[in-house]
Amino acid sequence: MRDDNFREMDLNKPKRNIKLAIMSNQYIPNPKEAESIHILREVAAQFEKPVLLFSGGKDSITLVRLAQKAFYPARIPFPLLHIDTGHNFPETIAFRDQLVEELGLELIVRNVQDSIDQGKVTEERGRYASRNTLQTTTLLDAIEEFKFDACIGGARRDEEKARAKERVFSVRDDFGQWDEKNQRPELFDMLNGRIHQGQNVRVFPISNWTELDVWEYIKNEQIKIPSIYFAHKREVFFRDGMVWTANQHVYRDHSEEVVERMVRFRTVGDMTCTAAVLSEADTLEAVVEEIRQSTISERGARIDDKRSEAAMEKRKKVGYF
Amino acid sequence: MTENRKLIKIATAGSVDDGKSTLIGRLLYDTGSLTTDKLEAIERNSKQKGYDYLDFSLATDGLVAEREQGITIDVAHIYFNTDKTNFIVADTPGHVEYTRNMVTGASTSQVAIILIDARKGVIEQTYRHFFISNLLRLSHVVVAVNKMDLVDYDEEVYLKIRSDFEALVEKSDFSADQITFIPISALKGENVSQKSEMMSWYVGNTLLDHLEVLEPSDLQESSTARFPVQFVIRPKTEAYHDFRGFAGKVYGGNLKKGDLITVLPSFTESKIKSIHFFENEIEEAIAGSAVTITLENEVNVSRGDMIVRSSELPKSEKSIIATICQVNNKPLRVGDKYTLQHGVNSVLAKVDQIQAKIHTDFSGEEAVDQLRLNDIGKVTFKLSKPIHFDPYLQNKSTGSFILIDEGSFDTVSVGFID
Ligand SMILES: Nc1nc2c(ncn2[C@@H]2O[C@H](COP(=O)(O)OP(=O)(O)O)[C@@H](O)[C@H]2O)c(=O)[nH]1
């Protein structure tokens, strides 16, 4: 396993020789990684039924790697939960299943389609229709069904302003609601995960990472990520200065012409609300370099945030991650 | 290489309107951390408000509720980086709940930037900001004398503020070399990342250059290693049938394979057999690493225990004296019982005595019968079991704790052990 933190280590040596290889080398901790591992161990120790919310995106994939590191050589002591909107990129789903298989993880999938069929939520219509907000209901139902008391998510404080004040352990009530005025202060690295019956906690182990931190980590660790993160040919159309996937899930006017372009995605959420960027970057190195040069924030490529500046904050209040 | 960028954690402090948001926005802008869409939003908003300059404070002002009230109500975290350094800024708002917020922000920071409005000079709030930096023993304080443009970049104004502040430093535990003064204009970008031509009389570094060269320490000079056990790892797989690893983070100093250790609270002695980080075995875990260690003999270790070198035992006491900062609306009174969380360990604690409330303006103390939100005081506690600690001055991690209310489960106080 590659880890650039180990200086001068011979990467090709078989594992049984690693001891020898390391004798003269010192491991320099990456402070953000160490903090995340610390948080994940606190979750496992303080809660009875934690779950890792897995979207198939780079942030949740990073969380899986961090969890592996936190508990190695034991297996990750909590399952993964994927709230499937039904509008995921097929590449993401294939990747998810392969990851789970390779690491021997437990995966739970709950579908937004089921919540729609049960009449709990109504599908949005029109130009900006998306299932992103509908996920909340499916998630809250899953929390209830499995009695999860801690949901680990890959949100980062640098994503946007409303997140900048998010706690690492964020207490939610029965309705998943977030009360920004009534959060527990978090002092030093002490985490207070005590909750009442019916409450649960959203945990954000990579709160302090930036988008670039995540990409550099993926590169250094050689973590596998879904292919749509790399430049590929795709049928797209342009709207509001952004690049959208052209397929049956995404609303499109007759006037919006479909063309083929080299694109990649910076986030891999729901197809309906995830825009692509024109790019030729087809390796991790090239992607990281592009992110470093980039002057557009990751969320700038998310249509649901454009709808309203306060969109995220509102979603959080009703129980979205 | 970028992957080993230095990490510097900063708490910002200033009264309302001293220009904190503007300064942070300016730092983001100057380091190229403001994305096009954010920059456009700032331009749009600035124009809407009829400004003829860019209002960078818009880059950070967060929640809707706050924007409506026009104030920031909670600690916000902001990130930027240069080629060499990653920065995390804990931005703490300067209004009534100030003490709680700044203590919280400072607890995860190494450096404080204290803003002073050049027109107002050192005011009572400045005392408080510096008091908290001192209480938390931050490793460096940067005094940014802001809005120099409004005082004609006058050196005299700066020197007066500087000497007023130096009088405060005398009363603190800081040495002069931990304090740096920089005259700036956050709005105009003078001495933030670019050397000011308007203030050629100033010979020091710009703010950003200064932050980059800092080598902050976290009070680890004593180099006594502390390893609180977070989690016991028992894979129970064929390959690791007998593996019993103790997972945790190393604080204060390094731990080496072969070190003779003592497990607290049982005082059992053993030896470090191996140290693991993921798939690798390492010889030495330096402070700050999150590792897993195994011991030579079968020692009973569980979460909340602490592994230390046998030659460096910490203090073990059933009653402690600590400086407390109250971070919750519920006041602290004599006789109150709380859960005391000390790192990853918890015991019950009873407030035995409130010795005094300490004034945060360096003016002394007074006798009180309770400590309210934002109060700082000296308190003695009786504990259900001994805790194993170091004075806060020697080790921030083993020298601090939080109190958790048994009813609400809220974190009500933070303590720094004497
Ligand atoms: N002239 C001048 N005005 C400044 C400077 N820094 C901030 N301001 C202004 O002071 C006001 C308060 O600034 P703001 O950053 O919102 O203060 P905060 O409350 O400390 O965050 C705003 O109108 C800023 O434009 C400066 O260096 N020079």
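The values are calculated or read from the model by the stated rules, or taken from the named source; none is laboratory data. Everything quoted here is computed from the prediction, not taken from an experiment. Every residue, glycine among them, receives a Cβ derived from its backbone with ideal geometry; neighbour counts consider all protein chains shown. Note: accessible area is taken over every heavy atom of the protein model, side chains too, but ligands, DNA and RNA are not part of it. Shrake-Rupley method; radii C 1.70, N 1.55, O 1.52, S 1.80 Å.
Details
- C-alpha long axis of helix B:124-135 to longest principal axis of chain B, angle in °: 30 degrees
- When the other protein chains are added to the chain by itself, burial of at least 10 square angstrom of heavy-atom accessible area (probe 1.4 Å, ligands and nucleic acids ignored) affects these residues of segment B:270-284: B:277, B:278, B:279, B:280, B:281, B:282, B:283, B:284.
- Accessible area per residue for segment B:273-418, computed on protein heavy atoms with a 1.4 Å probe, is 37 Å².
- Solvent-accessible area per residue for segment A:100-146 (1.4 angstrom probe, square angstrom): 54 Å²
- Annotation: amide H of residue A:107 within the under-5 Å range of A:80, sequence separation 5 or more or interchain, hydrogens built in the peptide plane.
- Of the residues in segment A:184-205, those shielded by at least 40 Å² of accessible area once partner protein chains are present, compared with the chain alone at a 1.4 Å probe, are A:184, A:185, A:187, A:188, A:189, A:190, A:192, A:194, A:196.
- Kirkwood-type radius of segment A:225-305, with distances r between different C-alpha atoms, in Å: 12.9 Å
- Exercise: per-residue mean of other protein chain Cβ atoms within 10 Å, A:68-79: 5
- Positive-end residue of B:200, B:31, A:47, charge dipole of the protein assembly as shown with Cβ unit charges: A:47
- Angle between chain B longest axis and helix B:155-171 axis [Cα atoms, degrees, rounded to 10]: 20 degrees
- Gyration tensor verdict on segment B:315-417 (Cα atoms; rounded if a/c is under 1.5, prolate if a/b is larger than b/c, oblate otherwise): oblate
- Given A:69/B:271; A:165/B:256; B:120/B:357, the pairs whose alpha carbons are separated by over 32 Å: A:165/B:256
- Cβ-defined net charge surrounding residue B:275, 11 Å radius [Lys, Arg +1; Asp, Glu -1]: -1
- Across the protein assembly as shown, the convex hull enclosing all Cα atoms gives 162 Å³ per residue.
- The overall shape of segment B:2-219, judged from the alpha-carbon gyration tensor, is rounded, with an a/c ratio under 1.5.
- With a 10 Å cut-off around each Cβ of B:40-49, the average count of Cβ atoms from other chains is 0.
- Using a Förster distance of 41 Å, the FRET efficiency for residue B:236-residue A:145 (Cβ separation, nearest 0.05): 0.90
- Nearest-20 debye value, the protein assembly as shown charge dipole, Cβ charges on Lys, Arg, Asp, Glu: 1460 debye
- Percentage of interatomic Cα-Cα distances in segment B:246-363 larger than 26 Å: 38 percent
- Taking the DSSP bridge list for the protein assembly as shown and keeping only pairs wholly inside it, about 70 percent are antiparallel.
- Annotation: peptides B:253-260, A:140-147, ranked by per-residue average of other Cβ atoms within 10 Å with the highest first, follow the order B:253-260, A:140-147.
- Euclidean distance between Cα centres, segment B:116-131 to segment B:335-394, Å: 27 Å
- Split the accessible area of the protein assembly as shown by element, probe 1.4 Å, and carbon with sulfur accounts for 47%.
- Loss of accessible area when A meets B, both sides summed, Å² nearest 100, probe 1.4 Å: 6900 Å²
- Across the options B:401, B:329, B:376, the greatest Cα extent toward the positive end of the charge dipole of segment B:315-417 (unit charges at beta carbon of Lys, Arg, Asp, Glu) belongs to B:401.
- Here the calculated FRET efficiency for residue B:48 and residue A:235, from their Cβ-Cβ distance with R0 = 35 Å, stands at 0.35, rounded to the nearest 0.05.
- Ellipticity estimate at 222 nm from DSSP helix runs (n ≥ 4, -39,500 (n - 2.57)) divided over the protein assembly as shown, nearest 500: -7000 deg cm²/dmol
- Charges were assigned to the Cβ only: +1 to each Lys and Arg, -1 to each Asp and Glu. The resulting dipole of segment B:280-418 about its Cα centre is roughly 520 debye.
- Protection proxy ranking of B:384-392, A:152-160, by the mean of other Cβ atoms within 10 Å over each peptide's residues and highest first, is A:152-160, B:384-392.
- Surface per residue (accessible, 1.4 Å probe) for segment B:2-219, Å²: 40 Å²
- With a cut-off of 10 Å between beta carbons, the residues surrounding residue B:187 carry a summed charge of 0, where Lys and Arg count +1 and Asp and Glu -1.
- Peptide A:36-46 shows a mean partner chain C-beta count of 5 within 10 Å per residue C-beta.
- Most tightly packed first, judged by the mean number of other beta-carbon atoms within 10 Å of their residues, the peptides B:399-412, B:292-305 read B:399-412, B:292-305.
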